[in-house]
Each structure stands twice: as C-alpha cells, then as structure tokens.
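See structure below.
The values are calculated or read from the model by the stated rules, or taken from the named source; none is laboratory data. Only a predicted model underlies this, so the values are computations on that prediction, with no experimental measurement involved. Virtual Cβ from ideal backbone geometry, glycine too; neighbours counted across all protein chains shown.
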Ligand code: HPA
C-alpha cells in the first residue's frame, strides 16, 4: 500500500465521521476494548454508535466478542471515542489496515489512547482474573505496522524507548489504589495468532522477558506513538499461557474469564479516565 493510499483512506474515513459527528465535541481520549470487554461502552453518555461497516474503506471485525463499532460520547465530562472491538492481523488484514482505526482516532485529535486486551499470563504470578498494566512490549514476532512509505502523521524512524506513558501508568495505579483494586505490571508480547502458542514457544517467550501474551495491541500502540499520541494498555489475564496449566486453551475460556474480570476492569477504567 502506498503512502497516498494510507493517508487517502484515513482522510476519507475522517471526512465521513466528521459529517456524522457535526456539532459534537471532539474526543480527547480514545479507548480500544478487547475480547469480551466491549460492554464497557455502556458507560458512555450521549452515545453515538457508528458501525465500522458504514465507514468507507474500513476493516471490519469478524471475531466473536468483538462488536465492530465506534462509540462516541462522554465519560463524566471527558469526550471519548471508544472502539468496541478491534481488527486483528490473523483476520487477513495487512498491519497497515489493522492500525487504520487507531490512526483515525489520532487524526480526530485524541490526546491519549488506552488500549485493553485479553492476555495469557506467562509470569508465574499472573493468573486468570488479574489486571496487568503494560510497561513495555515485545513486537518482534509480528510485522511492524510502520512498514511501507511513511504515513505523514509521524517520523520515518520513530523512537520506541517509551511506548507506554509513565504519566498514564501512574494515573492507572492511583485509580487502582483509590479503588482497592490490585494491578500488576509487566511486558506484553504480541504474536500473529490465530492459534494459541505451544508450551515450547511460551518457554522461549518467558526467557525473552515476556510476562503476558496476546494477538493484538503492540502494533496499535506503535501507530499511536508514531502519531504523537500518549498510550497506555491494560491487559486482562484470562488464562495461564500454554503449558502452564492443565486446561486446553479456547476462545470460549478467554471470553468467560474476560466476563468475570469485566466489573473490576470497568471500575478501574472509569476511575482512570476521571484522573487523566
Ligand atoms: N495466547 C495468545 N492470545 C491470548 C491468550 C493466550 O494465551 N489469552 C488471551 N489471548
């Protein structure tokens, strides 16, 4: 895909949304809700829902547990845009297409982006039901979304030494403390999926320093950092990674576990947005 195509697609989608959003306040916070976490969007006031299907050139999500729409509105006084469901590389989209929704939110002028996902716990203490604030990531096993002619929102060779904003991480920790919710921190590693990993792969990833694993997120974080937007990520640990428990991994198990964490996750996210 050429530079012109990337920017042209984003501009077309941007213009479509601008028309739909006429008269509404521009969102300042963007949220991406991962597998089984889409219900958080119920907390958005004055909600305007725009299905991805309606947006020109937009990738649509085919995954169970991912609704596939933008929800615009407010949380408290804060104007937000929320992605109820994301698209994944394993659905067959190019990485440029996978990050198009995030680039579009950046184009709309968000200042901060909070990513969320369901993840498998690799580190011994990370168990189903835990929340992990991502402090850094390993993205070396998937193609960079920045490959191709440079999208003009950012530089050709962006620095990735601090992908996850220490300020937002501090706000999440403060929100967790105020609510009496335990949060852990750790390194997230992205794979392509759609298959779960083998136990041998998990042992390798552990040696490399990964604490949790999933099939999304790092590429979105990179696209946002490239565009100059501050990023944070909360992972909901839905299972022990392959080989670390007796259970066979399945999407149903992940969704059920996400369902159980939903309440705690929602309270944490609402409180955090209040502090940002
Ligand atoms: N591996 C990859 N992706 C995941 C996992 C996992 O164990 N759990 C939730 N998403």
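Among the numbered criteria (1) in a loop (DSSP other than H, G, I, E, B); (2) more than 15 Å from the ligand (Cβ to nearest atom); (3) closer than 28 Å to residue 64 by Cα, which one does residue 151 miss?
(3)
Touching a residue at least 12 places away in the same chain (Cβ under 8 Å), surrounded by fewer than 19 Cβ atoms within 10 Å (Cβ to Cβ) and over 23 Å from residue 36 (Cβ atoms): is that true of residue 143 in this structure?
The answer is yes for residue 143.
Among the residues that make up segment 66-73, is at least one of them within 16 Å of the ligand (Cβ to nearest atom) and assigned to a loop (DSSP other than H, G, I, E, B)?
yes
Answer yes or no: is there a residue in segment 105-121 that is assigned to a helix (DSSP H, G or I), within 13 Å of the chain's Cα centre (by Cα) and crowded, with 23+ Cβ neighbours inside 10 Å.
Taking segment 105-121 as the starting set, the residues that turn out to be assigned to a helix (DSSP H, G or I) are 105-107.
Cutting the leftovers down to within 13 Å of the chain's Cα centre (by Cα) gives us 105.
Then keep just the ones that are crowded, with 23+ Cβ neighbours inside 10 Å; that gives 105.
Looking for residues that are assigned to a helix (DSSP H, G or I), within 13 Å of the chain's Cα centre (by Cα) and crowded, with 23+ Cβ neighbours inside 10 Å, one finds at least one in segment 105-121, hence yes.
Select from segment 124-140 the residues that are under 18 Å from residue 242 (Cβ atoms), surrounded by fewer than 20 Cβ atoms within 10 Å (Cβ to Cβ) and within 14 Å of the ligand (Cβ to nearest atom) and list them in ascending order.
To start, the set of residues in segment 124-140 that are under 18 Å from residue 242 (Cβ atoms) comprises 124-128, 130, 132, 138.
From the residues that got through so far, the ones that are surrounded by fewer than 20 Cβ atoms within 10 Å (Cβ to Cβ) too are 124-125, 127, 138.
Those that are under 18 Å from residue 242 (Cβ atoms), surrounded by fewer than 20 Cβ atoms within 10 Å (Cβ to Cβ) and within 14 Å of the ligand (Cβ to nearest atom): 127, 138.
Only one of 253, 201, 220 is more than 10 Å from the ligand (Cβ to nearest atom) and at negative phi; which?
Of 253, 201, 220, the one residue that is more than 10 Å from the ligand (Cβ to nearest atom) and at negative phi is 220.
Return only the number of the condition from (1) away from the ligand (no atom under 16 Å from the Cβ); (2) under 27 Å from residue 252 (Cβ atoms); (3) surrounded by fewer than 24 Cβ atoms within 10 Å (Cβ to Cβ); (4) modelled with pLDDT of 95 or more that residue 101 does not satisfy.
Condition not satisfied by residue 101: (3).
Could you check segment 223-248 and list, in sequence order, the residues that are closer than 21 Å to residue 269 by Cα and more than 14 Å from the ligand (Cβ to nearest atom)?
224, 225, 229, 230, 231, 232
Looking only at residues that are in a loop (DSSP other than H, G, I, E, B) and without any contact (Cβ under 8 Å) to a residue 60 or more places away in the chain in segment 122-140, which one is nearest to the chain's Cα centre (by Cα)?
140
Among all residue pairs at least 6 apart or on different chains, which show Cβ distances below 8 Å where the first residue, located in segment 243-256, is over 15 Å from residue 127 (Cβ atoms) and the second is near the ligand (Cβ under 9 Å from one of its atoms) and at pLDDT below 90?
Within 8 Å, the pairs are 251/35; 255/35.
Return the residues of segment 166-183 that are surrounded by fewer than 18 Cβ atoms within 10 Å (Cβ to Cβ) and in a loop (DSSP other than H, G, I, E, B); say none if nothing qualifies.
The answer is 180, 181, 182.
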